[in-house]
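Following: one structure in C-alpha cells, then a few remarks.
The values are calculated or read from the model by the stated rules, or taken from the named source; none is laboratory data. Everything numeric in this text was worked out from a predicted model, so none of it was measured. Neighbour counts are summed over all protein chains in view; Cβ atoms, including those assigned to glycine, are modelled from backbone coordinates with ideal geometry. Just so you know, the surface numbers come from the protein's heavy atoms only, side chains and all, with ligands and any DNA or RNA stripped out. Shrake-Rupley method; radii C 1.70, N 1.55, O 1.52, S 1.80 Å.
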Amino acid sequence: MNVTTASPPPLRIAWFIWSLGAFFYLLGFFHRVAPAVMTEELMREFDISAGALGQLSAFYFYSYVAMQIPTGIIADTWGPRRLLSTGAWVATVGTILFALSPAMFWVGMGRLLIGGSVAVAFVGLLKLANSWFPPRYYAMVSGMALFFGIIGAVFAGNPLRLLMDHYSWRTVMLFVAVLSVAIGIAIRLFVRDYPHEKGYADLATCGIGCSETRRTPIVAGILEVCRNRNTLLLLVIPGSLAGSVLTFCGLWGVPYLVTHHDLSTSRAAVVTSAVLVALALAGPIFGWLSDRWGKRKPLFIIGCALTLTAFTIAFFATALPLTALVVLLLIAGFSSGSMILTFAFAKESVPGRLSGTVSGVINMGVMIGPMVLQPAVGWMLDRQWQGQTQAGVRIYNLAAYQAGFSMMLAWIALALILLFFTRETHCRQTV
C-alpha cells in the first residue's frame, strides 16, 4: 500500500499494538513490588535484616536505572518491537534465577537481571504511543501505561499473598517466568514499530520518512537533552513521588500497618494495593486533565502538594482512626499519579527526534526514587531498632518508621519547590 495515501491507524489497532507492550510493563511492575508481601519469607529464609532486605529489593532498581539512558538510545535506533520482546525473554531468565536461588547472592543477581530487562518496558511503550497515537493522546496514553503497571503491582499485593498461602514463593515466581515467555512471543509476532509496517500512514515525525541525516548522534543527543533546564529539574522531581509510593506500598507499608495499626498481613496488603489502584486511576486522569487544560505545571504542583500533605498527616497523626488513615493514604496515592505528567512535560521540552532519549533519562530519574528510598528507609529502621524480634523477624517501633518515612517527605518537599522553576510547555512539542 502507498503510505502517502494511506489512512492513519484506527484507535482500536493502536490500542491493540500498545497493549501487548503494556502487558510486559504490567509484569515489570509486579516484580517491582512483589517483595512487599514476601518480607517475612525472605527475611526468615535468608536470615537478613531490614537493611539487607531493602538492598535486595533495590537490586531491581540499580539495574533498572542504569539501563534507562541505553534503553532510550536503543529505542530510538533499534525500535520498540525488538526491544520489548527481547526484554521479556531476558526477564524470564532473571525470574527463574530468582525463584531457584539457594543463597542471597543469586537472589540478588536474579533481581538485578529482572530490573535491567524490564527497564525497557516503559520507554518502549512511550515510543509506541508516539508512533501509533495522535499527539493529543500522548499524556493520556502515558497515564494508561501507569494504569497497566499498577495492575501488576495490585497482583503483587493480596492476590500474590493468597497464592503464597497455598504455594511457595518460588513456585509462584516460576509461573511468572512462563508468563514472561508468552508475552515476549506475542510482542514479537504482533507489534510493529510504525503504522506503515501494517499499511497505515505514520503519525510520528520519524516514521518511514525519517532520514538518517535527521538522526542525532548518540552523545550529542544525550548532551542536548541534559542541557535543557526542564530535563534537569524533571530528572529529580518525579523520583520523590514514585519513590515514596513504591517504598511504602512496595516494601515497608505492609509491616508498618501490621505492627502499628493491628492489621493482618493480608488486610495490610489490601490497603497498600488500594493505594496503588488510586495511583493507577490517577495516571490517565491527570494526563487527560492536563491535555484538556493545555498545561502541565499547575496540575503537577497540585498533585505534589497533596501527596506531601496526605503522607505527612498519615505518618505523624498517631491517633487517626483506621478509616481516616486509609483515606489519607488513598489521597496520597492518587495525587502522586501527577508524576505521569513528567513524561509529556519532558518530551515537549526537547525536539521530537529525541523522544526516546529524553524518556530514558527521565525514567531513570523516576526510578532513582525507589532505588534510593527503599534501602535508605531500611537503613534508618535498623539504626532505630530496639532489639525486638518476632518469629525470627525484626520488629521496628513507630519512631523508627517515622524517621524512615521522613526521608520520603523531605524529597517530596524538595520536588514541590523545584516544580516552580520549570518552564510550562503548554502541551506543545519543541521542534
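Here the chain is treated with +1 on each Lys and Arg Cβ and -1 on each Asp and Glu Cβ, and its dipole about the Cα centre works out to around 920 debye. Using the rule -39500 (n - 2.57) for each DSSP H run of four or more residues, divided by the residues of the chain, the 222 nm mean residue ellipticity is -24500 deg cm²/dmol. For the chain, with all protein chains in place and a probe radius of 1.4 Å, 67% of the accessible heavy-atom surface sits on carbon or sulfur. When you restrict to C-alpha pairs under 8 Å that are six or more residues apart and normalise by the size of region 41-169, the relative contact order lands at 27 percent. Within region 221-273, the proportion of Cα pairs with more than 15 Å between them is 58 percent. Computed over neighbours whose Cβ is under 13 Å from that of Ile13, the net charge equals +2, Lys and Arg +1, Asp and Glu -1. What translational D, rounded to a whole number of µm²/s, comes out for region 278-428 from Stokes-Einstein when the hydrodynamic radius is the Kirkwood one over Cα pairs, at 10 °C and 1.306 mPa s? It diffuses with D of about 93 µm²/s by this estimate.
The mean accessible area for residues of the chain, using a 1.4 Å probe and ignoring ligands and nucleic acids, is 38 Å² per residue. For region 8-73 versus region 87-112, the inter-centroid distance based on Cα atoms is 12 Å.
Assuming 0.36 nm per residue, please report the length gained on full extension of the stretch Ala391 to Ala182 beyond their Cα-Cα distance.
71.4 nm
As I understand it, the dipole of the chain uses +1 on the Cβ of Lys and Arg and -1 on the Cβ of Asp and Glu, about the Cα centre. Which of Gly72, Leu322, Tyr138 lies farthest toward its positive end? Ranked along the dipole, the leading option is Tyr138. Between 0 and 90 degrees, the angle of helix 265-293 with respect to the longest Cα principal axis of the chain falls at about 30 degrees. To the nearest ten degrees, helix 229-247 and the longest principal axis of the Cα atoms of the chain are 40 degrees apart. All other residues with a Cβ under 11 Å from the Cβ of Thr425 taken together, and with Lys, Arg as +1 and Asp, Glu as -1, what is their net charge? Within the 11 Å Cβ shell, the charges total +4. Computed over all pairs of different Cα atoms, the Kirkwood value for the hydrodynamic radius of region 265-317 is 12.7 Å. Rounded to the nearest 10 degrees, the angle from helix 398-419 to the longest Cα principal axis of the chain is 20 degrees. Counting every alpha-carbon pair across region 2-148, the share separated by more than 23 Å comes to 42%. Rounded to whole Å, the principal axis extents of the Cα atoms in region 316-398 read 56, 29, 19, largest first. Normalised by the number of residues in the chain, the mean separation of alpha-carbon contacts (under 8 Å, six or more apart) gives a relative contact order of 26 percent.
Only Cα sites of region 208-335 enter the Debye sum here, all with the same form factor; the resulting log10 I(q)/I(0) across q = 0.09, 0.12, 0.16, 0.21 1/Å is -0.38, -0.60, -0.86, -1.19, listed in q order.
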